[in-house]
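Input: a single structure, listed below in structure tokens.
The values are calculated or read from the model by the stated rules, or taken from the named source; none is laboratory data. If you're wondering where the values come from, they're calculated on a predicted model, not measured in any experiment. Note that each Cβ is placed from the backbone with ideal geometry, even for glycine, and that neighbours are counted across all protein chains shown. Keep in mind that these areas ignore ligands, DNA and RNA; they rest on the heavy atoms of the full protein, side chains included. Shrake-Rupley method; radii C 1.70, N 1.55, O 1.52, S 1.80 Å.
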Amino acid sequence: MTIEDYKFAGKKAIVRVDFNVPLDENGKITDDTRIRGALPTLKKILADGGALIIMSHMGKPKGKVNPKMSLGQIKDAVAAALGADVKFAPDCAKAADEAAALKSGEVLLLENLRFYPEEEGKPVGIDKADPAYDEAKKEMKARQKEFAKTLASYADCYVNDAFGTAHRKHASTAVIADYFDADNKMLGYLMEKEVTAVDNILSNIKRPFTAIMGGSKVSTKIGIIENLMDKVDNLILCGGMTYTFAKAQGGKIGLSICEDDKLDLALDIIKKAKEKGVNLVLGTDCVAGDAFSNDANRQICPSNDIPDGWEGMDAGPETRKAFADVIKSAKTILWNGPAGVFEFDNFTDGSRAIADAIVEATANGAFSLVGGGDSVACVNKFGVADKVSYVSTGGGALLEAIEGKVLPGIAAIKG
Ligand code: AMP
């Protein structure tokens, strides 16, 4: 079923969204992108005369109630965004009465799903090495099914619009779909858009295809890096992982962030790129700081010759130009992860150079996809989010989809 074709009038729809929005210390939302992202789906259901039950996780409460991660804090913001009153169910697993009382056009927001360990379905308080772990996992999986069944019992149909968690087989993202037949479960608009954007990257590649992978570590990105090597013409690796590569090749990196157990892996990536004919582009110079702070003293130095007591914190001018040249000639672009510690205004130039080059390439006809929390924060910070082809709400989910993995949240609906 598709959201466009479904007749919501007189029906109750339970919708999994990703309202895991950042809050400040007073519980105020600092970035409402995720709420705005879900609005087309939520508004369509209300406009069609359906009743809405909204469910989401927030943060990592690890299966325990934690008021700091209560979705009650965002109820008014959701109401304002929707232009409708929102009722709040303070216990997501005991909301049957509130759900039953819901009328067409009304909205019920459930409390944080992850206050229950059943949502993620991982046994708590037991180590994987414990002989009793397998049994505990089996038991938790059974409880997860019951939890999903309870959530499903609130509604006539299920809509999954939470791309950010589509790579997880959680109660609300995948297991719940088993309790609806194919005619009563569907992806939301945001999910549909994300899936189309990934399809554009995977099936409709206009060359050259350039991927830019940044961020702090190579270890968390290795799956996607290896996978991209079979697809891209140019692979720019930047950010903190630069220094693992520099050290692996005998460079001197001062205090720069480095994964010493990944030096062989870095050399292996360099070798594989050569074998596969991929143009691997690594930073050659950097902006180093003498402290991990915005106010640190700065100097430009080679990425493989950083003085003692200094650390590489951003891409240097030569590197920025090399990155920009490769990006500007691309016809398909994927960007995940910043080129430096962009949170500090004095170390944003590398990430800004990437963003600017992507904007220019896009204006010249390239398809550009930016995904992952920090790259999205970059394009927002630089005010260019509307000048790239698509900004994905997914980090891990996006990378897994591009790796070619089937996302459980999508498979649960599409089969
Ligand atoms: P990740 O979560 O792995 O995508 O990494 C994102 C983080 O990498 C951001 O918070 C950046 O500040 C950080 N980062 C980027 N470049 C560096 C660097 N040279 N040294 C330390 N952290 C960095």
Q. Near K328, which aspartates and glutamates are there with a Cα under 12 Å away, not counting those fewer than 8 places off in the same chain?
A. D356, E360
Q.
For the chain, take the longest principal axis of its alpha carbons; what is the angle in degrees between that and the long axis of helix 263-276, to the nearest 10 within 0 to 90?
A. 90 degrees
Q.
So, for segment 279-415, what is the accessible surface per residue at a probe of 1.4 Å, expressed in square angstrom?
A. 38 Å²
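Fully extended, how many nm does the chain gain between N380 and T196 (0.36 nm per residue separation, minus their Cα-Cα distance)? Please list the in-between numbers first.
Values: separation 184, 0.36 × 184 = 66.24 nm, distance 2.20 nm.
The span from N380 to T196 would gain 64.0 nm if fully extended.
State the percent of C-alpha pairs, over all pairs in the chain, separated by a distance greater than 39 angstrom.
Values: 22207 of 85905 pairs.
Result: 26 percent of Cα pairs exceed 39 Å.
Could you tell me the convex hull volume per residue, in Å³, taken over the Cα atoms of segment 240-306? Before the final figure, lay out the partial values.
On the way: hull volume 5.2 nm³, N = 67.
Hull volume normalised by residue count: 77 Å³.
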Q: Starting from the Cα gyration tensor of segment 242-372, take the square roots of the eigenvalues, sort them a ≥ b ≥ c, and report rounded, prolate or oblate (rounded when a/c is under 1.5, otherwise prolate if a/b is larger than b/c, else oblate).
A: oblate
Q) Relative to the present Cα-Cα distance, how much length would full extension add between R143 and D156 at 0.36 nm per residue of separation? A) 2.5 nm
Q.
Students often get this wrong: which residues of segment 239-277 have the backbone nitrogen under 14 Å from the point 7 angstrom along Cα-to-C-beta of K387?
A. none
Q. So if R0 is 56 Å, what FRET efficiency would D97 and D295 give, r being the distance between their Cβ atoms, rounded to the nearest 0.05?
A. 0.50
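Exceeding 31 Å between C-alpha atoms, which entries from my cross-link table qualify? They are K185/K331; K7/K145; K231/K387; K128/K272; K60/K141; K145/K387. Don't jump to the answer; show the numbers that get you there.
Values: K185/K331 36 Å; K7/K145 27 Å; K231/K387 24 Å; K128/K272 34 Å; K60/K141 19 Å; K145/K387 43 Å.
Beyond 31 Å between Cα atoms: K185/K331; K128/K272; K145/K387.
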Q: Determine the shape class of segment 1-129: with a ≥ b ≥ c the square roots of the Cα gyration tensor eigenvalues, call it rounded for a/c under 1.5, and otherwise prolate if a/b is greater than b/c, oblate otherwise.
A: prolate
Q: Report in % the part of the accessible area of the chain that belongs to carbon and sulfur, leaving out ligands and nucleic acids; probe 1.4 Å.
A: 49 percent
